[in-house]
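Read through the structure below, which is laid out as structure tokens, and then see the notes.
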Amino acid sequence: MSLFAMGFLLVILQPSTGQFPRACANRQSLLRKECCPPWDRDGSPCGELSSRGSCQNILLSQAPLGPQFPFSGVDDREDWPSVFYNRTCKCEGNFMGFNCGECKFGFSGPNCTERRLRTRRNIFQLTTTEKDKFLAYLNLAKNTPSQDYVIATGTYIQMNNGSNPMFRNINVYDLFVWMHYYASRDTLLGGSTVWRDIDFAHEAPGFLPWHRVFLLLWEREIQKITGDENFTIPYWDWRDAEDCVVCTDEYMGGRHPINPNLLSPASFFSSWQVICTRSEEYNSRQALCNATSEGPILRNPGNNDKSRTPRLPSSAEVEFCLSLTQYESGSMDKMANYSFRNTLEGFADPQTAISNISQSGLHNALHIYMNGSMSQVQGSANDPIFVLHHAFVDSIFERWLRRHRPMLEVYPAANAPIGHNRENYMVPFIPLYRNGEFFKPSRELGYDYEYLQEPALDSFQEFLIPYLEQARQIWPWLVGAAVIGGIVTAVLTGLILACRKKKRGSSSEIQPLLIESEDYNNISYQSNF
């Protein structure tokens, strides 16, 4: 507490923003409201001289939002990231990154032209060497300062509209803990007032795309600091598990022999310090988490409130969830019924799909079951089990996408809670990503899951798939149009024949067989179409 208070007094903390590219965390960039750093290979902003991208005005979605957040202009996350920057790099082709210096997910090579598909595997299918390497990578991320990003310790107003930059360094692992916290924190309204019904990463349509981007970026940062371009996040398949089988010293840390709320001292995770877990303290101070250490990871799996979460999710519950045909429904928040997203997230009953916020199912059930750092939304990413869990949740999302093959229009374009419309930029990511951009199969983003892998398709099949899928989506309309067209055609044919029969009685020069034959061919073509 004393360290936190001292830090608060030193930097006069206020609610901060998302993670910032280090190259844009300066007075000039903030005053110009421009984040277009040079690409180091050619020295031009956004690699423009190499045709990688250019500095462009940010185009914000104007689609209406849902009623959950009745304010405007009180939260730096509104219309992200326009409070801080209204110009960023727009990358061309397969280039990506805050300076267009990287490749889009699924591409590699000097010109980002080489397709690449990596496979995420079950953590229990890894060899001992592979598993130990994964654990070592986690520890390395916890102890390696981020080279590309910093976090802010003041709002744009606290920074005197950019003239007094306030940033600090953070390690790679905690950068992602902090981003998860920031996206889900309450809105600070002054005094001791907060608005809790806001979350840019949960309780709405963007839950699954947001965490998909989160994992992809986390994966990429590990690849950077280790030089291991083949690294992928393993997943924990928790269906029908009787207890936390990854909670051993061999994997993610066992139970402390004396204090059941702590991790075993035999696990190096027992020495990790958590950040961003004291949400009520930040709210009372009208301040934000500043990444100060707040104690060890807490975890006491299975000793949770059984009335809310009696057990870990079952295979049958996952299958029922996958059978739901609607991605989103109704209010598009945690009260949505028959929503695949809300059922998978865990606010709807996994046996009926009816909203029941007194229970925690599927995704939420795992968090509650862990009974510790994982169980508080804003600080849940402190526990490294978080990435294993969300990788498996993402695989369920992927199964739904492959089973139902939704078009992009299935993702809500308007009236979702703030930050969750299709064209909204996800908070707090820079470079910018829209929710709808990740409502697509994982193979298009360069990764697959070991238990979902399908035989490779030849190039001709891959070429046809999107067209066949579009035809499948509009097939009911085509059938309906054909039926209506057939009825109209039959009526018109009857009228034409009746008229010709009438004319035949008054003119012997008409050749009805020839005319009827030609008309028959035309009618058949239209009906078949």
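Details
- Here r is the Cβ-Cβ distance between R41 and L140 and R0 is 30 Å; the resulting FRET efficiency, rounded to 0.05, is 0.70.
- Phi angles across the stretch 72-78 convert, under the Karplus curve 6.51 cos²θ - 1.76 cosθ + 1.60 with θ = phi - 60°, into 3J(HN,Hα) values of 8, x, 10, 9, 4, 7, 5 Hz, Gly and Pro given as x.
- Here the spin labels are modelled as points 7 Å beyond Cα on the Cα-Cβ line, and at E250 and S270 they lie 1.8 nm apart.
- Between E281 and C55, residue separation times 0.36 nm minus the direct Cα-Cα distance comes to 77.4 nm.
- Relative contact order (percent, whole number), the stretch 224-362, Cα cutoff 8 Å, 6+ residue spacing: 17
- Gain in span if fully extended, M407 to I357, counting 0.36 nm per residue against the direct Cα distance: 15.1 nm
- Across all Cα atoms of the stretch 22-452, the radius of gyration (one decimal) and Dmax (whole number) stand at 20.9, 62 Å.
- Counted over the stretch 22-452, the DSSP beta bridges are approximately 75% antiparallel.
- Computed over neighbours whose Cβ is under 15 Å from that of I123, the net charge equals -4, Lys and Arg +1, Asp and Glu -1.
- For L31, the accessible area of its heavy atoms, probed at 1.4 Å with every protein chain present, is near 80 square angstrom.
- For N122, the residues whose amide H sits under 5 Å from its own are Y235, E450, ignoring neighbours fewer than 5 places away on the same chain, with H placed 1.01 Å from N.
- Accessible area per residue, Å², the stretch 22-452 with all protein chains present, probe 1.4 Å: 38
- Packing-based order for 118-131, 389-402, using average beta carbon neighbours within 10 Å, highest first: 389-402, 118-131
- Ranking D197, D40 by solvent-accessible area of protein heavy atoms (1.4 Å probe, all protein chains present), from largest to smallest, gives D40, D197.
- Computed from backbone phi, the HN-Hα couplings of the stretch 193-201 come to 8, 9, 10, 8, 7, 8, 6, 8, 10 Hz, rounded to whole numbers (Karplus: 6.51 cos²θ - 1.76 cosθ + 1.60, θ = phi - 60°; Gly and Pro given as x).
- With a 1.4 Å probe rolled over the protein heavy atoms of all chains, the accessible area of W195, W178 falls in the order W195, W178, largest first.
- Amide H contacts of C103 (H built 1.01 Å from N, under 5 Å, at least 5 apart or other chain): M96
- Peptides 370-377, 304-311, 265-272, 331-338 ordered by average Cβ neighbours within 10 Å, highest first: 370-377, 331-338, 265-272, 304-311
- Here the spin labels are modelled as points 7 Å beyond Cα on the Cα-Cβ line, and at T292 and M335 they lie 3.8 nm apart.
- Under 17 Å from a label point set 7 Å out along the Cα-to-Cβ vector of R22, the amide N atoms of the stretch 40-68 belong to 40-41.
- Paramagnetic reach from N303 in the stretch 230-269 [backbone N under 12 Å; point 7 Å along Cα→Cβ]: 255-263
- For the stretch 241-258, putting each phi into the Karplus relation 6.51 cos²θ - 1.76 cosθ + 1.60 with θ = phi - 60° gives couplings of 5, 8, 7, 7, 6, 8, 8, 10, 5, 5, 10, 9, x, x, 7, 5, x, 10 Hz, in residue order, rounded to whole numbers and with x for Gly and Pro.
- Comparing Cα centroids, the stretch 263-321 and the stretch 336-358 end up 22 angstrom apart.
The values are calculated or read from the model by the stated rules, or taken from the named source; none is laboratory data. Computed from a prediction, not measured in an experiment: that's the story for all the values here. We place every Cβ from the backbone using ideal geometry, glycine too, and count neighbours over all the protein chains shown. Ligands, DNA and RNA are stripped out before the accessible areas are found, and what is left, the full protein with its side chains, is counted by its heavy atoms. Shrake-Rupley method; radii C 1.70, N 1.55, O 1.52, S 1.80 Å.
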